[in-house]
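Comments concern the structure below.
The values are calculated or read from the model by the stated rules, or taken from the named source; none is laboratory data. Everything quoted here is computed from the prediction, not taken from an experiment. Every residue, glycine among them, receives a Cβ derived from its backbone with ideal geometry; neighbour counts consider all protein chains shown. Just the protein is used for accessible areas: all its heavy atoms, side chains included, with ligands, DNA and RNA removed. Shrake-Rupley method; radii C 1.70, N 1.55, O 1.52, S 1.80 Å.
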Amino acid sequence: MTELEAGRAETLASVRGGAAFQRYRDVLIAVIAFAVLASLPLFTGSKALLDFVIRCSAYGLFATSLNLLVGYTGLTSFGHGMFFGLGAYSFGLIMQKLGLPIPVAFVATLAITAVIAAVIGAICVRLKEIYFAFVTLAFQMLIHSTILSWASFTGGDQGLRGGIPRPAFLGINLANHVHLYIASCALLVLGLLAMRQIAQSPFGYTLRMIRDNAARASFLGIDVWRAKLTVFVLAALFASMGGMVMALFVSGAYPEFAYWTISGEGIFINMLGGVSTFLGPMVGTVLLLLLNDTVTRFTEYHGIVLGVVILFFALGLRKGLLDFVAEWFSHRRDAGEGR
């Protein structure tokens, strides 16, 4: 028994050591990525490039949060964009109506999102597959309709007018474009790092078990409903962060931020980049924004081009780009070991 217990202790220690190494490695990669992004203004004066990175930050947070539901938990949400719009509107209204410091408004927006997501999620996660997808879409359309109809508060179809106040805090002035760029990069890196830790935690592997076989997970004693609700709220918080970045970027909020097409873009981004690799949604975000920016310069029929791209990935590669690359490298490695 002593030898057996010692063996178990050694195995457990090695697993914990591997997890700690991976956690420190992820932190190191995050620091390097932020340093590279933050130094970009030193090497280029292109405002368009900085704007592109800010947009990638907003949509990247949103798309990666959606992948916590789709790729890791098997919950395909057609209404995840409601939290992107909710973050933009809540943050903008708090700054306009209350004039709070930006960090306080940021935390307050996350708190509002968490409460609303918990209420909506408590209803939706009880449903399965297509029912879950369409009920989330129904809630998104409800929020979008509320934004349009409550014009005295939200500005209706004109959106929040008058801009979003950006008082300086801790020496950071988000009215300055470079400061806004660096803050957006910081939120992107911190958000991705947090989601990476969630995905690689025991909770993340519980989500994978639920995705693969919810009945077996329940049989093993896992509270499936609670786990789904938890990841639903967490995903909503990160999507709300993306909405706040976008609200700061455009200095406002518009009904399109909460429309169903935003959720469709999130699904499309995950299809482009892939859902089985963590950085797949970020790759998909860059691809989609590049396609939009490039195609719209040459033709007004950009929808047709995007449709062709969807068909290529759905029928040709049958997976996202990063999924395809990862699988190709895996095959090459296996072939090399076989020799």
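Select from region 254-297 the residues that are more than 13 Å from residue 81 (Cβ to Cβ), open to solvent by 60 Å² or more (accessible area, probe 1.4 Å) and not polar (S, T, N, Q) and list them in ascending order.
The answer is 271, 279, 290, 297.
Being among the hydroxyl-bearing types (Ser, Thr, Tyr) and assigned to a helix (DSSP H, G or I) is the filter here; which residues of region 225-265 pass it? Step through it out loud before you land on a result.
Keep residues of region 225-265 that are among the hydroxyl-bearing types (Ser, Thr, Tyr), which gives 230, 240, 251, 254, 259, 261, 263.
Answer for region 225-265, where residues must be among the hydroxyl-bearing types (Ser, Thr, Tyr) and assigned to a helix (DSSP H, G or I): 230, 240, 261, 263.
Taking the conditions exactly as written (under 17 Å from the mean Cα position of the chain (by Cα) and open to solvent by 30 Å² or more (accessible area, probe 1.4 Å)), does residue 98 satisfy them or not? Lay out the reasoning, then the answer.
Values: under 17 Å from the mean Cα position of the chain (by Cα): no; open to solvent by 30 Å² or more (accessible area, probe 1.4 Å): yes.
No, not satisfied.
Please verify whether region 234-247 includes one or more residues that are more than 29 Å from residue 151 (Cα to Cα), open to solvent by 60 Å² or more (accessible area, probe 1.4 Å) and not hydroxyl-bearing (Ser, Thr, Tyr).
No, that holds for no residue.
Under the condition of being in contact (Cβ under 8 Å) with a residue 40 or more places away in the chain and aromatic (Phe, Trp, Tyr), which residue from region 34-53 is least open to solvent (accessible area, probe 1.4 Å)?
Among them, the one singled out is 52.
How many residues are open to solvent by less than 60 Å² (accessible area, probe 1.4 Å) and not in a helix (DSSP H, G or I) if we restrict to region 174-212?
Just the residues of region 174-212 that are open to solvent by less than 60 Å² (accessible area, probe 1.4 Å), to begin with: 174, 177-178, 180-189, 191-201, 203-204, 206-208, 210.
Subsequent filtering for residues that are not in a helix (DSSP H, G or I) retains 174, 201.
Qualifying residue count, region 174-212: 2.
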